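Some notes on the structure that comes next.
The values are calculated or read from the model by the stated rules, or taken from the named source; none is laboratory data. The shown structure was predicted, so the numbers you read here are calculated from the model rather than taken from an experiment. Glycine gets a Cβ as well: all are built from the backbone with ideal geometry, and neighbour counts include every protein chain shown.
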Amino acid sequence: MFSDLRQTLQTLCAVDEPLVRQTRPVSGYLQVAAQVRQLHLQARAAGRRVPLLLFEQVDDSPAEILFNLLADEERLMRLCRRPSGQLLADNLRASGQSWQAFSRDLATRPLETASGCSAALAGYSSATSLAVLPQLHYWPQDSGPYLSLACLYCPLAPHDDQLNGGVYRLRQLDDQHLSLHLNPGSQTARCLERYNRAGQPMPVTICWGTAPAQLLAAVFPLAEGGGTLALAQWLTGAAPRLLKLPGGMRVPADSEVIISGWVDGRRHIDEGRFANHSGFYVAGGSCPLITIDQVWLRPRPLLPATLVGPPPTENQHLGRFLWRHLGVLLANELPFVCQLDCPAELAFHAAVVVQVRAPGKPRQWHEMKQQLLQHPLLQRARILVLVGEETACERPTEVLWRLAQQLPTAVQSQAGRLLCDAVAWRYQGRCLVCDSELLCHETGMAGAGR
């Protein structure tokens, strides 16, 4: 895999990944987002891949802004491939571990540090204000500019050296403060609770422009206690390079921008409105406040960013990619599971299709289904569709089309989510019309129609 973001961009361009360079000055207030959106709409209309988009001059910021790094599965697969050529899915399958066991293993795995890693911030300039960063305001009714695709790290607990990492919504409030949007029950929310109980502010470090392995590790869902930095090490097959900041926290080296600060759990602020994956503006509500202590940045930082909103967006491809690979871990634990998939447009709303090897008797299937419904990984799914091997799971929009033909009788409400058990239909004498049954008889089109 790639050691830093700059090497990533150079390598992707060298293998003919499409790249659009915007060399003219543009405004971070809506103009950047408008050009990103237009590029996605054009690519969808033309049926082609979304190119990388590099803005070389945004307002008076020294930074270059890179969009669409995670915008399609082919690019994501390339970012996750080890130097030996092994694919992420193959490595997960070879581990033989369940999702929980995989997370526990990462949490207990000793973190190695690459030799020659400097404890100093050589090559960085420093500032005490967020004003040195680009101000990216994405949608007209957003309450302010946001940092996107920036990895936030914090200790798991006071006096604990192990770090938790994640990608969260960070709104720039002013030159010294960010709001931190945390979902209830998230790993970082639990870390903050531990600091609150200890009566201490929680130190945080935000790394913007990290190597792809660090970014993917930060967004990959792990069970409680899973080690984000250890996952990045597992993804690359190599020890990470870490920097030791003033104060002692170790963070990924080669980050383009590093922001250090702290969160006082007693101080909250209203985040305001935000254009969400749902296609609606949502009220962020009360959020913890990050106070900035120091900002370090490279001379001309290269920063990834993403536009959140209704499809087509970069995030939908990332969401589908994550669900499909979580399905490999689920299949390691439950051998009757073939794969997981979901429509890219519904990935962040967790519309998940689970393809299974259906048993011969309905009672056996009932027991298998209960294992799926009770699995913690699938508790995240808001819409859960269970299908047999005869259904093309890799075309989930077709699966949902079939589901729509059976509404409302085919759908049950179960524990706050919608459930469709298409596997049970076979035991009721109902049979799906499948392409595979017909196309196996196709022997060539020569003479067709005579």
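Candidates are the residues of segment 71-86 that are of a type outside the set (A, V, I, L, M, F, W, C) and assigned to a helix (DSSP H, G or I); the one that is surrounded by the fewest Cβ atoms within 10 Å (Cβ to Cβ) is 74.
Residue count for segment 390-428, restricted to those that are within 28 Å of the chain's Cα centre (by Cα), in a loop (DSSP other than H, G, I, E, B) and either at pLDDT below 75 or surrounded by 12 or more Cβ atoms within 10 Å (Cβ to Cβ) (or both): 6. Looking across segment 383-412, the residues that are among the β-branched types (Val, Ile, Thr) and either without any contact (Cβ under 8 Å) to a residue 40 or more places away in the chain or not assigned by TED's automatic domain parsing to the domain that holds residue 339 (or both) come down to 383, 385, 387, 409, 411. The residue of segment 236-253 that is surrounded by the most Cβ atoms within 10 Å (Cβ to Cβ), among those that are part of a strand (DSSP E or B) and of a type in the set (Lys, Arg), is 250.
Scanning segment 56-70 for any residue that is of a type in the set (A, V, I, L, M), part of a loop (DSSP other than H, G, I, E, B) and touching a strand residue (DSSP E or B) at 6+ places or on another chain (Cβ under 7 Å) turns up at least one such residue.
Of all the criteria given as (1) on the phi < 0 side of the Ramachandran plot; (2) free of Cβ contacts under 8 Å to residues at least 40 places away in the same chain, the one not satisfied by residue 279 is (1). Filtered by the rule that a residue be surrounded by fewer than 20 Cβ atoms within 10 Å (Cβ to Cβ) and assigned to a loop (DSSP other than H, G, I, E, B), segment 346-378 gives 350, 357, 359, 360, 361, 374, 375.
When residue 232 is tested against (1) touching a helix residue (DSSP H, G or I) at 6+ places or on another chain (Cβ under 7 Å); (2) under 23 Å from residue 129 (Cα atoms), exactly one condition is not met: (2). Counted as qualifying within segment 137-210 are the strands (runs of 3 or more DSSP E) with 3 or more residues that are at pLDDT 95 or above, namely 150-155, 169-172, 177-181, 202-208. Taking segment 254-292 as the range and being loosely packed, with under 14 Cβ neighbours inside 10 Å, out of contact with any Phe, Trp or Tyr (no Cβ under 9 Å at 6 or more places or on another chain) and not in a loop (DSSP other than H, G, I, E, B) as the test, the residues that pass are 266, 267, 270, 286. What residue, among those in segment 326-345 that are surrounded by fewer than 22 Cβ atoms within 10 Å (Cβ to Cβ) and closer than 20 Å to residue 71 by Cα, is modelled with the lowest pLDDT? It comes out as 345. Do you know which of the residues in segment 272-322 that are β-branched (Val, Ile, Thr) and more than 13 Å from the chain's Cα centre (by Cα) is farthest from residue 253 (Cα to Cα)? Here the residue is 282. For the residues 48, 24, 44, the requirement of being surrounded by fewer than 20 Cβ atoms within 10 Å (Cβ to Cβ), modelled with pLDDT under 95, in a loop (DSSP other than H, G, I, E, B) and not assigned by TED's automatic domain parsing to the domain that holds residue 211 singles out 48. Please determine, by comparing only the residues of segment 1-21 that are under 22 Å from residue 62 (Cα atoms) and surrounded by 15 or more Cβ atoms within 10 Å (Cβ to Cβ), which one is modelled with the lowest pLDDT. Looking at the filtered set, the residue picked out is 4.
Within segment 439-447, is there a residue that is under 30 Å from residue 91 (Cα atoms) and either part of a strand (DSSP E or B) or modelled with pLDDT under 75 (or both)? So far as segment 439-447 goes, no, none of its residues is under 30 Å from residue 91 (Cα atoms) and either part of a strand (DSSP E or B) or modelled with pLDDT under 75 (or both).
Scanning segment 316-338 turns up no residue that is closer than 30 Å to residue 139 by Cα and assigned to a loop (DSSP other than H, G, I, E, B). Considering only segment 135-145, I want to know if a residue exists there that is outside the structural domain of residue 341 (by TED's automatic domain parsing) and closer than 21 Å to residue 211 by Cα. No, every residue in segment 135-145 fails to be outside the structural domain of residue 341 (by TED's automatic domain parsing) and closer than 21 Å to residue 211 by Cα. Determine, yes or no, whether residue 26 is farther than 29 Å from residue 237 by Cα and in contact (Cβ under 8 Å) with a residue 24 or more places away in the chain. Yes; evaluated as a whole, the condition is true for this residue. Within segment 365-382, residues that are within 17 Å of residue 339 (Cβ to Cβ) and without any contact (Cβ under 8 Å) to a residue 40 or more places away in the chain have Cβ atoms under 8 Å from residues that are of a type outside the set (A, V, I, L, M, F, W, C) and surrounded by fewer than 18 Cβ atoms within 10 Å (Cβ to Cβ) in these pairs: 368/359, counting only partners at least 6 apart in sequence or on another chain. Among the residues of this structure, residue 97 counts as one that is surrounded by fewer than 20 Cβ atoms within 10 Å (Cβ to Cβ), in contact with an Asp or Glu (Cβ under 8 Å, 6 or more places away or on another chain) and either in a loop (DSSP other than H, G, I, E, B) or modelled with pLDDT under 95 (or both). Counting residues in segment 212-222 that are surrounded by fewer than 22 Cβ atoms within 10 Å (Cβ to Cβ) and outside any loop (DSSP other than H, G, I, E, B) gives one or more. Would a scan of segment 87-94 turn up a residue that is assigned to a loop (DSSP other than H, G, I, E, B) and acidic (Asp, Glu)? No - not one qualifying residue is present in segment 87-94.
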